[in-house]
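These notes concern the structure reproduced below.
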Amino acid sequence: MERNYSTQMEAARKGIVTPELEAVAKKENRSVEELLPLMASGKMVIPANVNHKALDPNGVGSMLKTKINVNLGISRDCKDYDIEMKKVMRAVDLGAEAIMDLSSHGNTQPFRQKLCNECPAMIGTVPIYDSVIHYQRDLGTLTARDFVEVVRLHAQDGVDFVTLHCGITRKTIEQIRNGGRKMNIVSRGGSLVFAWMSMTGNENPFYEYYDEIVEICREYDVTISLGDACRPGCLADATDGCQIEELIRLGELTERAWKRDVQVMVEGPGHVPMDQIAANMKVQQTICKGAPFYVLGPLVTDIAPGYDHITAAIGGAIAAWQGAAFLCYVTPAEHLALPNVDDVHQGIIASKIAAHAADIAKGIPGAREQDDRMADARKALDWDAQWLEALDPEVAKEIRKSRMPEEDHSDTCSMCGKFCAVRSMNKALAGEVIDIL
């Protein structure tokens, strides 16, 4: 059947229930009647490029289950596409809803097309990363038109959302040069835009040609993820004027996209003290009129290299509880190296824990049912039932298997043995003798 709408947002504004919306409503335990106005107003998005045929659609919005994104991609020092595909499959198996291909070396298009042809998760990219690689020219020799055409290329290939650092302008150059920031710009895409403006003397092409880019995204129903070039890279820079001024500009750009029925997410801060997270979420919701907030972490301390999946999970749980819709995972390799398969695994689980904890706190329909089933299984000392509810059952099973009790009381663990509180209570309430020795 021929589509009589260009984007999911346009369909919702016309009262059309798309197959993608029906699928999302079923996953979220919501009715399409509930979700239509949220889609129409921009408070919810379904990133679903018309060319991504393998997509299993998901909705992103603060009123829905919190989604997580996994960053992958090859680099000059780690250029094995097979390993990256292993990471992709591990991420999908563990329940990641989105994959961002951040490849910055080699012929990137075949890998990107393979993802869009085979991967059911939402696919995102940052086109400016690919620009130098695609044209095989140094950054300063590229033109504004070159950048716009790479956005078009990614849209044609089937990516569902693109991160565009539209919010920094030539004014930002003066802000940064005048000092006041401890770590300047830590966004890779933001730094490239900054560098290009500095070298050429031109305005940010993603800002100057934003309306044309919006039309490209409308044609393929690509969701714009407005990148936070000025996100804080350390606690000292959190919630400063540079960050907030960019956010104000992103709010204006959000409304410009909405006028053309183009879906928008807004990307949020990186390193933020715990006591500032809620305020950051509220400011974004106000300035960007409820557009879904997509956050990296936030990381709540700067001093945990090797453990930043934990610092990000702490911040992510708070952020999602306070209104963030989409968490970008962080791995133990953050700030240190390209993550390996094990790093990816740990990062995903940490993010899923944060997302699930937030969904419970927000009262998302059905969020706590799995926890209640786990409680029933633990009360019954039913280990097989516990594995069914565990976020990472293989790790849980391996820990138990490697440290089983020496005696044959398989209903307990080697921590408590016959001192197990659950075992004692079950026996006491059943009127049985509680044998300890």
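Quick notes on this structure:
- Residue match in the range 5-20 (condition: of a type in the set (S, T, N, Q) and farther than 25 Å from ARG260 by Cβ): no
- Filter result for GLU28 (under 18 Å from GLN263 (Cβ atoms), surrounded by fewer than 16 Cβ atoms within 10 Å (Cβ to Cβ) and at pLDDT 95 or above): no
- Members of the range 174-229 found to be of a type in the set (Val, Ile, Thr), in contact with an Asp or Glu (Cβ under 9 Å, 6 or more places away or on another chain) and over 25 Å from ASP160 (Cβ atoms), listed by number: VAL186
- For ALA361, the test of being among the aliphatic types (A, V, I, L, M), in contact (Cβ under 8 Å) with a residue 40 or more places away in the chain and within 27 Å of GLU28 (Cβ to Cβ) is passed.
- Boolean, ALA278 is at pLDDT 95 or above and either within 16 Å of LEU164 (Cα to Cα) or part of a helix (DSSP H, G or I) (or both): yes
- The range 358-401: number of residues that are in a helix (DSSP H, G or I) and open to solvent by 50 Å² or more (accessible area, probe 1.4 Å): 21
- Checked against the criterion of being within 20 Å of the chain's Cα centre (by Cα) and closer than 20 Å to PHE293 by Cβ, the range 10-21 has no qualifying residue.
- Test: MET9 is surrounded by 15 or more Cβ atoms within 10 Å (Cβ to Cβ) and free of Cβ contacts under 8 Å to residues at least 40 places away in the same chain: no
- Residue tally, condition open to solvent by 30 Å² or more (accessible area, probe 1.4 Å), assigned to a helix (DSSP H, G or I) and in contact with a Ser or Thr (Cβ under 9 Å, 6 or more places away or on another chain), over the range 288-320: 1
- Any hit, the range 208-225, residues being part of a helix (DSSP H, G or I) and more than 25 Å from MET122 (Cα to Cα): yes
- Sole exception among (1) surrounded by 19 or more Cβ atoms within 10 Å (Cβ to Cβ); (2) among the basic types (Lys, Arg); (3) at pLDDT below 95 for ARG90, by number: (1)
- Scanning the range 104-131 for residues that are over 17 Å from the mean Cα position of the chain (by Cα) and of a type in the set (Gly, Ala, Ser), we see that the one that is least open to solvent (accessible area, probe 1.4 Å) is SER131.
- Some residue of the range 392-408 being more than 20 Å from GLY316 (Cβ to Cβ) and in contact with a Lys or Arg (Cβ under 7 Å, 6 or more places away or on another chain): no
- Of all residues in the range 327-338, none are open to solvent by less than 60 Å² (accessible area, probe 1.4 Å), more than 15 Å from the chain's Cα centre (by Cα) and among the β-branched types (Val, Ile, Thr).
- Just one residue in the set ARG231, ARG260 is basic (Lys, Arg), outside any helix (DSSP H, G or I), closer than 25 Å to PRO57 by Cβ and in contact (Cβ under 8 Å) with a residue 24 or more places away in the chain; that residue is ARG260.
- When GLN263, GLN285, GLN276 are checked against the criterion of being open to solvent by less than 20 Å² (accessible area, probe 1.4 Å) and closer than 24 Å to ALA355 by Cα, GLN263 stands alone in meeting it.
- Residue match in the range 83-105 (condition: more than 19 Å from THR125 (Cβ to Cβ) and hydroxyl-bearing (Ser, Thr, Tyr)): no
- Extreme residue, surrounded by the fewest Cβ atoms within 10 Å (Cβ to Cβ), among residues of the range 31-86 that are at pLDDT below 95 and assigned to a helix (DSSP H, G or I): ASP82
- Scope the range 245-260; condition in contact with a helix residue (DSSP H, G or I) (Cβ under 7 Å, 6 or more places away or on another chain), of a type in the set (A, V, I, L, M) and open to solvent by less than 10 Å² (accessible area, probe 1.4 Å); matching residues: LEU253, ALA257
- Qualifying residue in the range 282-294 (condition: among the polar types (S, T, N, Q) and under 25 Å from ILE360 (Cβ atoms)): yes
- Extreme residue, farthest from TYR209 (Cα to Cα), among residues of the range 132-173 that are buried (at least 22 other Cβ atoms within 10 Å of the Cβ) and of a type in the set (Ser, Thr, Tyr): THR172
- Considered as a group, the residues in the range 402-437 that are under 45 Å from the mean Cα position of the chain (by Cα) and aliphatic (A, V, I, L, M) include one that is most open to solvent (accessible area, probe 1.4 Å), and that residue is MET415.
- Residue in the range 119-128 that is hydroxyl-bearing (Ser, Thr, Tyr), closer than 18 Å to CYS217 by Cα and touching a residue at least 12 places away in the same chain (Cβ under 8 Å) present: yes
The values are calculated or read from the model by the stated rules, or taken from the named source; none is laboratory data. The model shown is predicted, which means the values in this text are computed figures rather than measured ones. Virtual Cβ from ideal backbone geometry, glycine too; neighbours counted across all protein chains shown. Just so you know, the surface numbers come from the protein's heavy atoms only, side chains and all, with ligands and any DNA or RNA stripped out. Shrake-Rupley method; radii C 1.70, N 1.55, O 1.52, S 1.80 Å.
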